[in-house]
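A short worksheet on the structure shown next.
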Amino acid sequence: MIDLIDVSKSYTAKGVKKQVIDRLTFSFPRDRNVAILGPNGAGKSTLMRLIAGTELPDEGRVLRHGRVSWPLGFAGGFNGSMTGVENIRFVARIYGQDTGSVIDYVREFSELGKSLALPVKTYSNGMKARLAFGLSMAIDFDCYLIDEITAVGDENFRRKSKSVFSEKLPHARICMISHAMNQIREYCHCGLLLSSEGAWYFDDVNDLIRAYESSNKARQAAPPAPASS
Amino acid sequence: MQAALSTQIRVISALVLRETRATFGTSQIGYLWAIIVPAAGTMLLVLLFSAAGRHPPFGASLALFFATGLLTLEFFNKLSDSLMTVFEANRALMTYPLLKGPDFLFARAILIGATYVLIMGLFFSTLIALDLAGPPAHPTELMEAFGITFLLGFGFGATNAVIVSLLDSWRHVERILTRPLIFLSGVFYVPSVLPSSAREWIAWNPVLHTVEWVRNGYYVNYDSRVLDKSYVVGLALCLVFTGLAGERLTRSRRN
């Protein structure tokens with residue numbers, strides 16, 4: 001579904017270069033849902049943005065076979081001065097879907113009602129997230145990227161989101177970052193464990209979680225590194 | 001291959017519609033203004049010069065002479081100005097990896113190109129209807145001239161967009177450098193009658209050649225002595241290449 005070939009990514013902040021991903025080669029298995037685990041700063045979200053294509057690698061290539069979503073619920077792609085409907089129409093157009101049915105679906109799903117005719121900059125964060133989530137459900141992606149499922153909306157909306165998402169599961173793959181192990185167990189079959197030393201692949205999700213938890217314990221047991229080094 | 005092409009067309013047409021909405025607002029009046037402003041500006045200049053008793057430097061119509069120069073220059077300026085800021089304007093759209101740098105450039109250029117086809121078409125038709133000018137003598141050459149102005153403005157704008165994305169201050173330098181174009185592009189005079197020493201210098205300005213090309217196409221016997229078609233076509237193609245290649249090579253720095 002997704003192939004990473006010799007991918008490297010680094011960021012430079014205040015003259016200090018930080019190598020986040022160093023020559024990673026990995027093929028995501030077809031027909032399996034993949035978890036990405038690791039401590040904070042190990043490069044999970046960077047890896048996800050590289051997979052989504054919202055960032056480009058410094059070196060190497062990312063090949064996507066099929067449609068990969070933007071990280072779910074991410075509302076950064078909206079134009080604030082355009083209305084909700086105009087934003088939906090634009091995204092539906094670039095993905096080649098029928099604009100009318102996508103608008104109807106999102107209107108029904110997001111429960112935004114008349115607000116859809118207002119500029120997106122007038123929306124609250126919750127409204128934006130509902131719009132973004134509804135839109136990603138309206139478009140048929142082959143792979144959904146999830147960077148921490150954040151609860152959007154009230155209990156009722158959450159229940160609805162979960163059931164719609166479950167309907168997608170038989171036809172679409174998932175790639176997920178989460179710190180909640182019950183979610184990882186619920187959705188994923190296998191996964192990558194990232195750390196500053198490198199990346200490891202586990203074919204079984206239970207092995208993955210065990211390795212993640214023991215690496216967490218090891219880090220907690222180790223004395224904190226001196227600040228001067 | 002065919003799938004890639006249809007995606008490209010779909011994406012660019014979606015962007016053109018979005019740009020139209022973002023540039024001209026929700027009302028039709030917004031688009032009307034975009035057409036009225038350049039036309040009215042040209043008309044105002046014609047009225048001022050007529051009131052001052054100025055004779056047309058070539059042909060019988062002051063309005064036609066100024067319009068061929070001014071509208072061509074404005075078309076070039078508009079393209080290069082708008083394309084220069086295209087990457088920062090579309091930063092949020094990096095969320096959708098289907099969209100790539102060239103799509104933003106093409107979409108904006110198509111919108112401006114279509115707007116200027118309309119502006120020039122309406123302006124020249126009005127002149128013809130008011131009997132202030134005849135129809136163009138060589139329509140094909142006029143269309144070539146329009147096409148090459150488009151290409152030159154696109155190449156210049158795309159190249160500047162890449163430079164601005166690397167060096168933000170360049171936008172100010174570009175504004176300074178292009179300021180003298182109004183005097184150097186033969187808008188108010190016939191470059192062929194300049195002394196040859198001045199002509200040699202001014203002939204380096206590619207926009208002058210596009211203005212001359214437009215007049216060669218419109219008038220029966222303009223016979224420009226300055227126009228060098230291979231120079232302006234070559235330069236335009238070089239700039240288009242530089243802009244697109246530069247965009248590709250610097251793409252990972254921009255996001």
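Any read-out appearing in this document is the output of simple, stated calculations on the displayed coordinates, not a laboratory observation. This is a predicted model, so every value here is computed, not measured. Note: ideal-geometry Cβ built from the backbone for every residue, glycine included; neighbour counts use all protein chains shown.
How much length, in nm to one decimal, is gained on full extension between A:Leu169 and A:Asn216, taken as 0.36 nm per residue of separation minus their Cα-Cα distance? Present the calculation step by step, with values, prior to reporting the outcome.
On the way: separation 47, 0.36 × 47 = 16.92 nm, distance 3.02 nm.
Between A:Leu169 and A:Asn216, full extension yields 13.9 nm more.
Under the Karplus relation 6.51 cos²θ - 1.76 cosθ + 1.60, θ = phi - 60°, what is the ordered set of whole-Hz ³J(HN,Hα) values for the range B:109-121, x standing for Gly and Pro?
5, 4, 4, 5, x, 5, 4, 6, 4, 5, 4, 5, x
Can you tell me the convex hull volume per residue for the protein assembly as shown, based on C-alpha atoms, in Å³ to the nearest whole number?
Details: hull volume 92.7 nm³, N = 484.
For the protein assembly as shown, the hull spanned by Cα atoms encloses 191 Å³ per residue.
Can you give the charge dipole size of chain A about its Cα centre, rounded to the nearest 20 debye, using +1 on the beta carbon of Lys and Arg and -1 on the beta carbon of Asp and Glu? Could the numbers behind the result be given before it?
Details: 29 positive and 25 negative charges, 104 e Å.
Here the size comes out at about 500 debye.
Defining a contact as two alpha carbons under 8 Å apart and six or more residues distant in sequence, what relative contact order in percent does chain A show? It would help to have the intermediate numbers written out before the result.
Values: 362 pairs, mean separation 55.4, N = 229.
Once normalised by length, the contact order is 24 percent.
Express in % the proportion of alpha carbon pairs of the range A:88-134 at distances exceeding 15 Å. Walk me through the intermediate numbers first.
On the way: 440 of 1081 pairs.
Beyond 15 Å sits 41 percent of the P(r) for the range A:88-134.
Only four residue types carry charge here, +1 at the Cβ of Lys and Arg and -1 at the Cβ of Asp and Glu. Report the dipole size of chain B about the Cα centre in Debye, rounded to the nearest 20.
Working: 19 positive and 15 negative charges, 146 e Å.
Roughly 700 debye, rounded to the nearest 20.
Compute the distance in nm between two label points, each set 7 Å from the Cα along the Cα-to-Cβ direction, one at A:Lys160 and one at A:Arg30.
Roughly 3.7 nm, to one decimal.
Provide the descending list of Cα extents for chain A along its principal axes, expressed in whole angstroms.
Sorted from largest, the Cα extents of chain A read 55, 40, 33 Å.
In the range B:103-255, with Lys and Arg counted as +1 and Asp and Glu as -1 at Cβ, which of these residues, B:Ala133, B:Leu166, B:Ser230, has the Cα nearest the positive end of the dipole, that is, farthest along it?
B:Leu166
By how many nm would the segment from A:Asp3 to A:Gln97 lengthen if fully extended, with 0.36 nm per residue of separation less the alpha-carbon distance?
Contour length minus the Cα-Cα distance gives 31.3 nm.
What number, in percent, do you get for the relative contact order of chain B if the mean sequence gap of Cα pairs under 8 Å and at least 6 apart is divided by its residue count?
It comes to 26 percent, rounded to a whole number.
Taking each pair of distinct Cα atoms in the range B:138-255 once, what is the resulting Kirkwood hydrodynamic radius in Å?
About 15.4 Å, per the Kirkwood formula over Cα pairs.
Between B:Arg10 and A:Val85, how high is the FRET efficiency from 1/(1 + (r/R0)^6) when r is the Cβ-Cβ distance and R₀ = 22 Å? Nearest 0.05.
Details: r = 19 Å, r/R0 = 0.87.
After rounding to 0.05, the efficiency reads 0.70.
Given an 8 Å cut-off on Cα distances and at least 6 residues of separation, report the relative contact order of the range B:52-185 as a percent. Walk me through the intermediate numbers first.
Values: 94 pairs, mean separation 52.3, N = 134.
Taking the mean separation of contacting Cα pairs over the length of the range B:52-185, I get 39 percent.
Please report, largest first and rounded to whole Å, the three semi-axes of the ellipsoid equivalent to the range A:55-182, where each semi-axis is the square root of five times an eigenvalue of the C-alpha gyration tensor.
Numbers: eigenvalues 106, 69, 46 Å².
So the equivalent ellipsoid measures 23, 19, 15 Å along its semi-axes.
What residues from the range A:42-72 fall in the zone where the backbone N is under 18 Å from a label point 7 Å along the Cα-to-C-beta line of A:Gln19?
Answer for the range A:42-72: A:42-44, A:46-47, A:57-61.
Taking N as the number of residues in the range B:7-135, what value does Rg over Cα atoms divided by 2.2 N^0.38 Å take?
On the way: Rg = 17.9 Å, N = 129, 2.2 N^0.38 = 13.9 Å.
Against the compact-globule rule of thumb, the ratio is 1.28.
Let me understand the range A:44-89 better: what is its radius of gyration from the alpha carbons, and its Dmax, in angstrom?
Cα only, the range A:44-89: 13.3, 38 Å (Rg, Dmax).
Work from the charge dipole of the range A:71-227 (Cβ charges, +1 for Lys and Arg, -1 for Asp and Glu, about the Cα centre) and give the residue of A:Phe133, A:Gln220, A:Leu193 farthest towards its positive end.
So the residue furthest toward the plus end is A:Phe133.
For helix A:155-168, what angle does its Cα long axis make with the longest principal axis of chain A, in degrees from 0 to 90 and rounded to 10?
That helix lies at roughly 80 degrees to the long axis.
Given 10 Å bins starting at zero, what is the percent of C-alpha pairs of chain B in each, up to the one with the largest pair distance?
Histogramming chain B at 10 Å steps yields 7, 28, 34, 22, 8, 1, 0 percent.
Which value, in debye to the nearest 20, gives the size of the charge dipole of the range B:176-255 about its Cα centre, when Lys and Arg are +1 and Asp and Glu are -1 at the Cβ?
Working: 9 positive and 5 negative charges, 92 e Å.
Dipole size: approximately 440 debye.
Using 1/(1 + (r/R0)^6) with R0 = 45 angstrom and r between the beta carbons of B:Phe241 and A:Lys121, what's the FRET efficiency to the nearest 0.05?
Values: r = 39 Å, r/R0 = 0.86.
It comes to 0.70.
Sort A:4-13, A:132-141 for me by packing, meaning the mean count of neighbouring Cβ atoms within 10 Å per residue, highest on top.
Numbers: A:4-13: 14.8, A:132-141: 21.8.
Descending packing order for the listed peptides: A:132-141, A:4-13.
Cα-Cα over 30 Å: which of A:Lys44/A:Lys162; A:Lys44/A:Lys217; A:Lys14/A:Lys217; B:Lys78/B:Lys100?
Check vs 30 Å cut-off fails for A:Lys14/A:Lys217.
Taking H as built 1.01 Å from N, whose amide H comes closer than 5 Å to the amide H of A:Ala35, not counting residues under 5 places away?
Here the answer is A:Met176, A:His189, A:Cys190, A:Gly191, A:Leu192, since their amide H atoms fall under 5 Å of that of A:Ala35.
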